[in-house]
Amino acid sequence: MPRPFKEPKLVIASHNPGKVREIGDLLSPFGVEVVSAGDLGLPEPVEDGLTFIANAEIKARTAALASNLPALADDSGLAVDDLGGEPGIYSARWAGPAKDFGIAMKKAEQALENKNNRSAHFACALTLCWPDGHMESFEGHVQGTMVWPPRGDKGFGYDPTFMATGHHITFAEMDPAAKHAISHRAEAFRKLVDACFDPVS
């Protein structure tokens, strides 16, 4: 049985403001006070796992042990079919030391030149870790297509170049609430909530 979450405060184990904001929005119905790892000055661990779940577990465990609070970590990325699933777990690294996703999106587009298949998916792993080391992990996906040039300014990361299947605008052109309804993070979050959270009555 999954462990229910009963604590009043939760660390979001990320230094990415866009990701922190998105996860904070998803948590808002549950009456949980959230604080980011960046706000607490927690170190960023080396993410040397070979899967999204492994890296989410590294980040969640590090934040929970350092803060003595439960921590929720996300590891997510873009997997492009005709690039053999790249950038995958290296999605952030394609943006370089400055975390410039303009560079990352150009790199993906250059790699796709002369390729006919532009299908891709976003994947998200979420891990909830308590200070005693207990962890619960969940994964979500959303299928779509790579587009060029980038469009929209509402998202972050690769959002301006990703159009979800069945839609005609990119994630970065979508209203945040619409994106939350269909995203890879939303699917993983639904699984997490079903297993561990009760809505505030």
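The values are calculated or read from the model by the stated rules, or taken from the named source; none is laboratory data. Because the structure is predicted, anything quoted here is derived from the model rather than measured. As a convention, Cβ positions derive from the backbone with ideal geometry for all residues, glycine included, and neighbour counts pool all protein chains shown. To get the accessible areas, we keep the full protein, side chains included, count just its heavy atoms, and leave off ligands, DNA and RNA. Shrake-Rupley method; radii C 1.70, N 1.55, O 1.52, S 1.80 Å.
Tell me, what % of the accessible area of region 67-183 is carbon and sulfur with a 1.4 angstrom probe? Please list the in-between numbers first.
Working: 2700 of 5250 Å².
Using a 1.4 Å probe with all protein chains present, region 67-183 comes out at 51 percent carbon and sulfur.
To the nearest 10 degrees, how steeply does helix 101-112 sit against the main Cα axis of the chain, on a 0 to 90 scale?
Roughly 50 degrees between the two axes.
Leaving out ligands, DNA and RNA, what percent of the accessible area of region 1-66 is carbon and sulfur, probe 1.4 Å?
Values: 1950 of 3500 Å².
Carbon plus sulfur share of accessible area: 56 percent.
What accessible area per residue, rounded to a whole number of Å², is obtained for the chain using a probe radius of 1.4 Å? It would help to have the intermediate numbers written out before the result.
Numbers: 9690 Å² over 201 residues.
Per-residue value: 48 Å².
Quote the convex hull volume per residue of the chain, based on C-alpha atoms, as a whole number of Å³.
Details: hull volume 24.0 nm³, N = 201.
Taking only Cα atoms, the chain has a hull volume of 119 Å³ per residue.
Kindly list the residues of region 144-158 that lie in the label zone of ASP25, defined by a backbone N under 12 Å from the point 7 Å along the Cα-to-C-beta vector.
Counting only backbone N, you get 154-156.
Round to the nearest 10 and give me the degree value, 0 to 90, for the angle of helix 52-67's Cα axis relative to the longest principal axis of the chain.
It works out to around 40 degrees.
Can you list the residues of region 34-71 with backbone N under 19 Å from a point 7 Å past the Cα of LYS9, pointing along Cα to Cβ?
In region 34-71, the label zone of LYS9 (backbone N under 19 Å from the point 7 Å along Cα→Cβ) covers 34-43, 60-71.
Sort HIS168, HIS180 from largest to smallest accessible area, using a 1.4 Å probe on the heavy atoms of the protein chains. Before the final figure, lay out the partial values.
Details: HIS168 160, HIS180 35 Å².
In descending accessible area the options line up as HIS168, HIS180.
Using alpha-carbon pairs under 8 Å, 6+ residues apart, how would you state the relative contact order of the chain in percent? Please list the in-between numbers first.
Values: 403 pairs, mean separation 41.1, N = 201.
Reported as a whole number, the value is 20 percent.
How far is helix 17-27 tilted off the main Cα axis of the chain, in degrees rounded to 10, range 0 to 90?
The helix 17-27 is inclined about 60 degrees to the chain.
In nm, to one decimal, how far is the GLU44 label point from the LYS99 one, both placed 7 Å along Cα→Cβ?
0.6 nm
Any idea what the relative contact order of region 119-201 is, in percent, if you count C-alpha pairs under 8 Å spaced at least 6 apart? Could the numbers behind the result be given before it?
Details: 140 pairs, mean separation 24.9, N = 83.
Relative contact order for region 119-201 comes out at 30 percent.
Check the straight Cα-Cα distances from LYS19 and name the lysines below 19 Å, setting aside those fewer than 8 residues away within the same chain.
LYS9, LYS59, LYS99, LYS154, LYS179, LYS191
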